[in-house]
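Readers should treat all values here as calculations from the given coordinates under stated rules, not as data from a laboratory. This one's a predicted model, so the numbers in the text were calculated from it and none came from an experiment. FYI the Cβ positions are ideal-geometry reconstructions off the backbone, even for glycines, and counts take in every protein chain you see.
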Amino acid sequence: MTICCLNPDCTKPENADGTKFCITCGTPLTILRNHYRPLSLLSDEGGFGRTYLAEDLDRLNEKCVIKQLCPQKQGTAVFGKVKDLFDDEAKQLQQLGEHPQISQLLAYFEEDGYLYLVQQYVEGKTIDRLHNLCWSETEVREFLNNILPVFEFIHGKKVIHRDIKPNNIMRRDDNGQYILIDFGASKDFAATVATRGTKIGTQGYAAHEQMLSGEAFNSSDLFSLGATCFFLLTSAAWRK
């Protein structure tokens, strides 16, 4: 068992169980809100935050994911936009509630100057990492039959994801269901129609209107899903 240091600058954050201070940077090791225990570092977002695998001590040590937003660039326009997206992700996940193909929001809070978003942990792989071979048409049809109802659900809740791509869709190891992840770029549909927003999306998958003006619609998500299917069939983005 390990406990992970939450100092975003720590180069080796994992520590042995029972350690009080990080052996690398000396930061006190904490259990967030006295029941979210960080276990290991999953990803580092380069100065704005980190993502940790954790366990919830109040739920029989059930695994969860902790996203941390760091204040290192607080006060800058860039940090302000990142914070807005972080806030939006929490709001959108709360708005969506529980759905078997969306990672559920468990908590959103501030502690020791950092913002934290806690989500349900999904055991599986993103679809870009499932295998190296191109998918067959039958496999892509099965994928669409499974994932399209999720889009119907989120669009019915007036939410647009805005960053659909292979590494934002996971397949669960236990039942093969496809899971939509990373709502950090999602945006309320009504606000998007009324005003031009920030240009968010991934080149090769985002619709033209997103990349040109920042506007996004339900159809923008479906365009990106189509580009994702092109990738699955060919192992290449439809345009670079």
Original post:
Where in the range 152-172 does the amide nitrogen come within less than 20 Å of the point 7 Å from the Cα of residue 104, taken along Cα to Cβ?
Top reply: 153-155, 157, 170-172
Original post:
Rounded if a/c is under 1.5, else prolate if a/b is larger than b/c, else oblate: which is the range 2-120, with a ≥ b ≥ c the root eigenvalues of its Cα gyration tensor?
Top reply: oblate
**OP:** Treat the count of other C-beta atoms within 10 Å as a stand-in for reagent exposure and order 228, 126, 202 from fewest to most.
**Re:** 126, 202, 228
Original post:
How far, in degrees from 0 to 90, does helix 218-234 lean away from the longest principal axis of the Cα atoms of the chain, to the nearest 10?
Top reply: 90 degrees
**OP:** With label points built 7 Å along Cα→Cβ from the Cα atoms of residue 27 and residue 140, find their separation and express it in nm.
**Re:** 4.4 nm
Original post:
For the range 124-234, what relative contact order do you get, as a whole percent, if you take Cα pairs closer than 8 Å and at least 6 residues apart?
Top reply: 31 percent
**OP:** Show that you can apply the helix-only estimate: for the chain, add -39,500 (n - 2.57) for every DSSP H stretch of four or more residues, divide by all residues, and state [θ] at 222 nm to the nearest 500.
**Re:** -9000 deg cm²/dmol
**OP:** Determine the alpha carbon to alpha carbon distance for each of 12/63; 12/157; 83/125; 12/91 and list only those over 29 Å.
**Re:** 12/157; 12/91
Original post:
Hey, what's the Cα Rg ratio for the range 124-234 versus the globular rule of thumb, 2.2 N^0.38 Å?
Top reply: 1.05
**OP:** Any chance you could give the angle, 0 to 90 degrees and rounded to 10, that helix 137-156 forms with the longest Cα principal axis of the chain?
**Re:** 70 degrees
**OP:** Working from Cα positions, state the angle (0 to 90°, nearest 10) between the long axis of helix 77-96 and the longest principal axis of the chain.
**Re:** 80 degrees
